[in-house]
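Structure, as structure tokens:
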Amino acid sequence: MSERKSFSHYVTLIPSSVMIGVFFLIPFILIVMASVAVKTPDGDFSYGFDLAHFQRFLTWFYIERALFSAGICALIAFFSLLIAFPFTYMLTQFKERTKTIWLIYILAQLSLSEVLIAFSWQVLFSRTAGLGNIFA
């Protein structure tokens, strides 16, 4: 037997839906509209559809940067898995108190900003200041 949810259950979704619409959907739509806007002769933009703004992203400079970023992402994923699987197995062998302390420490890392974490990985694997220079 499936229970039907009353209207009052869905009323609680209204504030979060409004917030998503105001702070995400509207700015996202405005950014998309501005990115495909048509440039007028007086230097202003009018809403239309023109992909000329995206032509420079097909140059080798931007393609090289995108490939480098994808390579860094793959390297980070590889090293994360290389560390995570053995550590997870090792964690299962700990006593309950030690396991709890380690899990709290690991979960505390989730409170760090994604920007800070990404920057840390970028510095760690960079060409000028990364691990390659330490071990070279």
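Taken across region 94-104, residues that are within 30 Å of ASN133 (Cβ to Cβ) and assigned by TED's automatic domain parsing to the domain that holds ASN133 do not occur at all. For first residues located in region 111-136 and surrounded by 10 or more Cβ atoms within 10 Å (Cβ to Cβ), partners that are part of a loop (DSSP other than H, G, I, E, B) and modelled with pLDDT of 75 or more and lie 6+ apart or on another chain with Cβ distances below 8 Å form the pairs LEU131/PHE125; GLY132/PHE125.
Can you tell me which residue is farthest from ALA84 (Cα to Cα) among those in region 100-136 that are at pLDDT below 75 and of a type in the set (S, T, N, Q)? So that I can check it myself, show each step before the final result.
Within region 100-136, the first condition is being at pLDDT below 75, and the residues that meet it are 127-136.
So of that shortlist, the ones also of a type in the set (S, T, N, Q) come out as 128, 133.
On the way: THR128: 27, ASN133: 25 Å.
The extreme case among them is THR128.
Exactly one residue among THR98, THR88 is without any contact (Cβ under 8 Å) to a residue 40 or more places away in the chain, polar (S, T, N, Q), part of a helix (DSSP H, G or I) and surrounded by 11 or more Cβ atoms within 10 Å (Cβ to Cβ), and that residue is THR98. Out of all the residues in region 63-71, is one or more among the polar types (S, T, N, Q), without any contact (Cβ under 8 Å) to a residue 24 or more places away in the chain, under 30 Å from LEU131 (Cβ atoms) and surrounded by 10 or more Cβ atoms within 10 Å (Cβ to Cβ)? Yes, because at least one residue in region 63-71 is among the polar types (S, T, N, Q), without any contact (Cβ under 8 Å) to a residue 24 or more places away in the chain, under 30 Å from LEU131 (Cβ atoms) and surrounded by 10 or more Cβ atoms within 10 Å (Cβ to Cβ).
Considering (1) at pLDDT 85 or above; (2) touching a helix residue (DSSP H, G or I) at 6+ places or on another chain (Cβ under 8 Å); (3) not β-branched (Val, Ile, Thr), the lone condition that PRO15 does not fulfil carries the number (2). Taking region 25-51 as the range and being part of a helix (DSSP H, G or I) and in contact (Cβ under 8 Å) with a residue 12 or more places away in the chain as the test, the residues that pass are MET33, SER35. For the residues ILE63, ILE117, ILE106, the requirement of being among the β-branched types (Val, Ile, Thr) and within 30 Å of ALA37 (Cα to Cα) singles out ILE63.
Annotation note: of PHE45, PHE49, the sole residue that is of a type outside the set (A, V, I, L, M), surrounded by 10 or more Cβ atoms within 10 Å (Cβ to Cβ), more than 30 Å from ILE117 (Cα to Cα) and not assigned by TED's automatic domain parsing to the domain that holds LEU131 is PHE45.
The values are calculated or read from the model by the stated rules, or taken from the named source; none is laboratory data. None of these values were measured; they are calculated from a predicted model. Every residue, glycine as well, gets a Cβ built from its backbone with ideal geometry; the counts of neighbours run over all protein chains shown.
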